Every structure is written in structure tokens, then in C-alpha cells.
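Can you read through this structure? Questions will come right after.
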Amino acid sequence: MATKQWQIWIDTGGTFTDCIAQNPLGEVLRIKTLSSSRLRGRLLAKIAPKQFRFAQQWRISQDIFQGYDFFRLGESEASAKIESIDFQNSILALSQDLEIEGEVDFEITTHEEAPILAARIATKTPLHQVLPPLTMRLGSTKGTNALLEKKGAKIAFLVTKGFKDLLYIGTQQRPNLFQLNIPEPELLYTDVIEVEERLDASGAILKPLSILEIERIISELQTKKPEAIAIALLHAYRNPIHEKMLEEALIRDGFRFVSLSNALTPSIKILPRAQTAVVNAYLAPVLRNYLQNIQSKLNTASKLLVMTSAGGLIDANYFNPKDSLLSGPAGGVVGAARIAQMLGFEKVLTFDMGGTSTDAARFDGSYDYRFATKVGNAEMLNPSLAIETVAAGGGSICYFDGYKLCVGPESAGASPGPACYGAGGPLTITDVNLLLSKLDPSAMGIPIHLDLAKQALKKLQKNIILAKGTYYSEKELLLGFEKIANEKMADAIRRISVAKGFDPKDYALLAFGGAGGLHACKIAELLGMDNIILPYDGGLLSAYGIGNARVERLAEQQILQLLNDYKDNLLETLNNLIKKASLDLQEEGYVINDIEVIHQFAYLRFKGQDSTLEVSFENVEQLLT
């Protein structure tokens with residue numbers, strides 16, 4: 001079916017950026033680039049001054065690369081610019097002459113964001129031309145990586161007086177029960193400012209927030225110069241007046257990024273509410289700049305939609321950074337669910353093995369949701385699909401720690417990448433698969449070096465001999481690393497199935513991601529599963545899912561009353577939530593006739609307990625019975 005403009009569906013992961021594009025005639029193209037926004041190729045021979053025979057697997061035959069910077073692989077400065085590329089005769093012309101010995105790997109880049117590079121390749125748009133009108137649907141690990149790598153913004157945290165150490169103290173839970181040397185918590189904020197104000201548990205004002213206090217806070221912030229501000233005041237979920245007063249004053253004074261706890265998650269418990277506000281503020285400048293970099297390269301008639309952790313799409317202008325942390329994996333779950341339904345499977349466990357991590361989820365006709373998300377040490381109240389993530393992907397580093405073989409959690413990422421990528425990277429699971437003859441180098445979109453993978457393995461083999469005096473054959477080491485990775489990934493699937501009372505044997509294993517098919521059989525064997533589904537677009541399934549996701553809004557309200565006591569107000573509350581979600585969609589340009597209610601959930605708990613039970617219902621009467 002033809003479309004009016006280009007449709008670009010993109011998932012930017014830790015190593016690769018996957019793109020599925022549909023042109024106005026309905027033709028589908030598939031693109032894969034490095035998430036560092038680079039394409040790799042190999043110079044084979046010099047045939048004339050500034051001209052070289054080369055090899056590439058870029059899935060394009062039209063020369064759009066004039067003006068791209070050319071780098072020898074591993075070098076930090078460009079050696080030349082691309083003058084022209086003759087794809088028919090495999091000849092690359094550069095602006096500067098180079099002397100090469102033998103074959104040389106190289107990279108080219110525009111220094112634009114990876115989704116723009118993918119869009120240029122798909123639409124065949126040269127660097128000096130504007131992209132055609134398009135709708136881009138985007139999922140990205142940009143926020144997740146910034147959070148895990150502690151590369152967010154400098155932020156200030158504003159909290160009710162007496163609670164400045166709230167996030168430092170946390171819950172006092174010990175993640176490792178027998179660890180005697182307990183490390184101090186890593187805090188995302190740089191500065192904390194206490195606010196002279198107080199509400200009681202019902203939201204009534206005990207101590208008003210004065211104009212003088214606001215001026216004092218602004219003066220202190222002007223000295224500290226944070227890039228973003230997080231505000232979490234006691235009982236603001238009951239009455240947000242003081243948080244809103246601070247927000248208005250701060251924005252009026254020129255602070256661009258202000259995150260309010262009550263707006264992000266209007267619920268009891270100040271600790272997770274404060275953590276949510278801090279995470280959102282920490283990521284706001286990073287993600288806003290990232291999205292603006294993309295939007296600035298798009299045609300003015302284009303639209304940018306961003307995937308959320310809950311599996312829906314939202315306009316980039318209305319997007320909250322906290323909603324992006326599982327956007328790529330959520331796209332994979334949506335894509336897997338669609339494939340399963342097309343093939344007639346009602347129950348599937350999804351197995352998404354990418355370059356940096358592996359994600360697992362369960363689908364049995366409907367999605368599993370959760371309302372608390374944890375990434376690294378940060379836990380926040382945030383609706384998301386229930387996805388279990390482990391640090392075991394193709395780029396997971398394989399090493400010997402002095403006592404045992406280990407896989408991950410560190411990853412080689414897109415740069416330098418696995419040893420076989422030729423950029424000086426360490427031994428990884430990708431190298432293991434290559435050396436076990438499970439990976440075909442010709443199927444990769446970048447040059448692969450089998451000899452470098454062997455060198456990395458031999459180096460590790462020698463380290464073990466020096467450390468323990470024990471000799472393991474190359475085959476033993478490779479199978480050992482493979483088994484460790486498989487057990488870690490199978491354990492992630494157990495946590496979303498067995499740990500919740502579901503038997504994996506009753507499900508099919510739907511494997512995807514760049515490395516999913518390489519490990520699917522072993523994983524299924526470990527879990528006792530009989531059926532494996534390998535979709536056609538397995539390496540691009542997250543992008544496929546993002547393209548097939550719906551524009552959705554979630555509206556929620558915390559009641560904190562006995563069900564029988566509140567039953568007369570349930571219908572009004574439900575209608576108000578539906579109205580709120582509908583108004584949010586209408587504000588983004590969607591007409592009321594196109595909006596429908598998809599799901600209604602109530603999270604109920606027995607009196608005196610903290611754990612909730614999810615109850616799906618179609619009407620209030622059904623909920624009450």
C-alpha cells in the first residue's frame with residue numbers, strides 16, 4: 001500500500017542502528033549502520049593518486065557521499081573527504097592522497113546523528129540536500145546509556161527542608177546481603193537545595209512557600225549554574241502548588257529544564273517520586289539536544305515520533321526523557337507480538353539479543369506492564385513493558401578475572417567493538433560465535449577480521465596459563481564462554497516466566513536481535529522449550545515493532561482508599577482519566593474520532609499490604625464484581 005511520504009522506523013542500540021524505510025510507492029528498504037553514525041568499508045588497493053579500489057556492504061548503489069569525512073579505522077582525525085564513489089566499479093575518490101600498505105579498513109561519517117545517516121542512505125539524500133518529507137519513528141538507548149555511563153547533565157535537586165539526604169539514605173536495603181564493605185550510593189545530582197515549605201499528608205499547607213524563599217533559591221541556583229533542576233516536595237502528589245510556584249519562577253528566570261515530581265508521577269512515596277524527577281532532569285538536556293539535532297536535519301514537513309518504554313509512540317515535542325529508558329526493547333516486544341499473532345502463536349517468550357544486552361519479555365495475547373523501572377542503581381515510578389535485561393550481548397566482553405571465566409557486564413560497544421571488527425577491541429561473544437563458525441563474515445555489514453579474533457583468544461589463553469598454570473584448549477574456552485552467556489540469558493527468561501508462575505514449556509521462543517538466532521537453540525534447550533520462531537526481519541525487529549506501534553497515552557491516578565468506600569466515585573475517576581488521555585492526544589493534533597480506549601487496569605491490594613495485583617476490566621461493574 002502506497003504512502004504519502006517516506007516512513008522511517010529506527011532503533012538505535014548500543015552498537016548498531018537498525019532502520020526499516022518505506023518509500024512513497026510502498027517499497028521497503030533495510031539499513032544497518034553503526035550507532036557511532038559511521039559506515040565502515042575496506043580499501044583494497046590504490047589504483048591512482050587519490051583513487052582506491054574498495055569493498056563495502058552499505059546496501060546503496062548511488063553516490064550520495066560527497067563531503068563525508070574519511071577516517072582510517074582507529075584514527076581520531078579525518079584523513080580526507082569523500083570526492084566521489086563509483087559503486088559499479090568499486091572505486092573511491094578522496095580529496096587527499098593516501099599511502100596504504102595492503103588492505104586498510106576505514107570509516108566515513110557526516111557527524112550527524114545515526115538516525116539521520118540511516119535516513120540519508122534510505123532516501124538517497126546527499127549531504128548538501130534536505131531530506132524529503134518523512135515520518136520518523138525512533139527508539140533509542142541514548143537515555144539508558146547516559147544513565148548507566150553517568151554522562152547526563154549537571155543538575156540541582158530541590159527538596160523540602162529536612163530531606164536533603166533523602167536519595168543518599170534511600171531505602172537502606174542492601175543489594176548484597178553479605179557484603180561488608182557497602183559502597184556509598186552514586187547520586188545523579190550535583191547540588192541539593194532545601195526548600196522552606198511544608199504540606200501535611202492531606203495536601204493542606206502547613207508552611208507557605210514565600211516569594212523571599214523562591215528568590216533565595218534562584219539566587220543560589222544562579223551561582224551553581226545547573227543544566228537542569230529536579231523538584232520533589234513532600235506530599236506534592238496531593239497538592240502541587242509549591243512545586244508549580246517554583247517551576248514558574250525558574251522558567252521565568254531562564255532555566256530551561258525543570259522536572260516536577262507531581263507532573264511525572266502523581267503518587268505517594270516521596271523517594272521513588274524524587275528519583276523519577278532526578279532521572280528525568282538528569283537526562284533532559286542530553287535527550288532534548290539529541291532530538292533537536294535530529295529535528296534540525298528533517299524537512300519542515302516531517303514528523304518525529306519517539307517510542308516510550310510502555311510500547312507506545314509520542315510526539316518528540318511532548319516527550320519526557322524518563323519514558324525512553326526501555327524504548328528500543330519495547331519496540332522489540334511490540335514487533336515480536338505482531339509476528340507471533342501473524343503466525344498463530346498466542347504465547348511467546350521474546351529473546352532479543354543485541355550488541356550490548358539481551359532483553360526478555362512475555363506475551364500471551366496481552367502485554368505485561370510494570371509501574372516501577374530500574375536502570376542501574378536508579379529506580380523510578382514509570383509505566384513500562386515488563387522487560388528483563390541482562391548484560392549479555394554480542395559485544396559483551398569475555399575475560400578471565402583471575403579465578404574464573406566471565407562474560408560482561410562490560411561491553412565493547414560500537415567503538416572499538418569486538419576484536420574481529422578491527423578497531424582494537426577485546427574478545428567478545430561475537431568473536432566467540434565467529435571462531436565457533438556460527439557467524440558468517442559475509443553477512444555482516446562491516447569488515448570482519450577472523451585473525452584478530454584468534455589473536456584475542458590466544459592472548460586470553462596465555463593469561464590463564466600465567467595466572468593458574470592451567471591449559472585450556474581454544475575449543476574449551478569458546479564453549480565455556482558460550483555456555484556462560486547462554487546461562488545468563490536463560491536466567492533472564494526464567495525471571496519473566498518461572499519466577500512469575502509461568503512454565504516456559506507452554507510458550508514458543510521468539511528469538512531476534514543481531515545475535516538472537518545464534519543462541520536460540522541452546523536457550524530453548526536450557527528452558528525445555530520445543531518451539532522456536534526466527535522472524536525474517538530478526539536483526540531489525542525492534543525497528544519493525546516501532547514502525548507498527550500505536551500512538552498511545554497512559555493516564556493514571558492513585559486512590560489509596562478501600563474499594564467499597566470509593567466505588568461510587570470510580571466511574572467519574574475513570575471518565576476523567578479517559579478525558580485526560582484524549583486531551584493529550586488532541587493537543588498533539590489527533591482528532592477525537594480516531595481515539596479509542598485500548599486498556600483499563602486497576603492495581604488493587606489487600607488491606608495492610610503493599611504488593612498490588614493487576615486487574616484488567618472493561619467497565620466499573622466488572623471491576624466491582
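Quick one: check the C-alpha center-to-center distance for the stretch 187-264 versus the stretch 459-497, whole angstrom.
50
Taking all protein chains together and a probe of 1.4 Å, list Met489, Met444, Met245 from the most accessible to the least accessible.
Met245, Met444, Met489
Could you tell me which of the pairs Lys374/Lys488; Lys438/Lys505; Lys374/Lys468; Lys483/Lys505; Lys458/Lys488 are separated by over 28 angstrom between their Cα atoms in the structure shown?
As for pairs spanning more than 28 Å Cα to Cα, those are Lys374/Lys468.
Go ahead and estimate [θ] at 222 nm for the chain from helices alone: -39,500 (n - 2.57) per DSSP H run with n ≥ 4, summed, over the residue count, rounded to 500.
About -9500 deg cm²/dmol.
Whenever you get a sec, line up Tyr403, Tyr189 from highest to lowest accessible area (probe 1.4 Å, protein heavy atoms).
Tyr403, Tyr189
What is the ratio of the Cα radius of gyration of the stretch 159-198 to 2.2 N^0.38 Å, where N is its residue count, to two decimals?
Relative to the rule-of-thumb radius for its length, the stretch 159-198 sits at 1.47.
If you don't mind, another one. Bins of 5 Å, beginning at zero and ending with the bin holding the largest distance: percent of Cα pairs per bin for the stretch 1-117, please.
2, 11, 19, 22, 17, 13, 8, 5, 2, 0, 0
Normalise the Debye intensity by I(0) for the stretch 183-259, one equal point scatterer per Cα, no solvent, then take log10 at q = 0.12 Å⁻¹ and round to two decimals.
Those come out to -0.36, one per q.
Still on this model: Keeping all protein chains in place, calculate the accessible area per residue for the stretch 185-335 (probe 1.4 angstrom), answer in Å².
In whole numbers, the stretch 185-335 has 39 Å² accessible per residue.
Taking Lys50 as the anchor, which aspartates and glutamates have their alpha carbon closer than 12 Å to its alpha carbon, excluding any fewer than eight residues away along the same chain?
Glu83, Asp97, Glu99
Round to the nearest 10 and report in Å² the accessible area of Thr123, as given by a 1.4 Å probe over the protein chains' heavy atoms.
Thr123 has an accessible surface of roughly 20 Å² with all protein chains in place.
Points 7 angstrom from Cα along the Cβ direction at Ser76 and Lys4: gap in nanometres?
The modelled label-to-label distance comes out at 4.8 nm.
Using a cut-off of 26 Å between alpha-carbon atoms, which lysines can reach Lys244, once sequence neighbours fewer than 8 places away in the same chain are excluded?
The reachable lysines, counting only those whose Cα sits under 26 Å from Lys244, are Lys154, Lys161, Lys164, Lys207, Lys224, Lys225, Lys269, Lys322, Lys579, Lys580.
For the chain, with all protein chains present and a 1.4 Å probe, just round the carbon and sulfur fraction of the accessible area to a whole percent.
50
I would also like to ask the following. Scale the Cα Rg of the stretch 144-301 by the rule-of-thumb value 2.2 N^0.38 Å and send over the ratio, two decimals.
The value comes to 1.12.
Would you report the distance distribution of C-alpha pairs in the stretch 328-469 as whole percents per 10 angstrom bin, up to the bin with the largest distance?
11, 31, 28, 21, 8, 1
Leaving ligands and nucleic acids out of the surface, order Leu43, Leu554, Leu25 by accessible area at 1.4 Å, largest first.
Leu25, Leu554, Leu43
Can you give the accessible area of Asp594 in Å² (nearest 10), computed on protein heavy atoms with a 1.4 Å probe?
120
Match the structure shown to one of the listed values [x] 43, 29, 27; [y] 58, 29, 22; [z] 49, 31, 25 of semi-axes √(5λ) of the Cα gyration tensor in Å, computed from it, and give that label.
Checking each listed value against the structure points to [x].
The values are calculated or read from the model by the stated rules, or taken from the named source; none is laboratory data. Keep in mind the model is a prediction, meaning the values are calculated, not measured. Counting neighbours? That spans all protein chains shown, and the Cβs are built from the backbone with ideal geometry, glycine included. The protein model used for the area step is the full one, side chains on, heavy atoms only, and it has no ligands, DNA or RNA in it. Shrake-Rupley method; radii C 1.70, N 1.55, O 1.52, S 1.80 Å.
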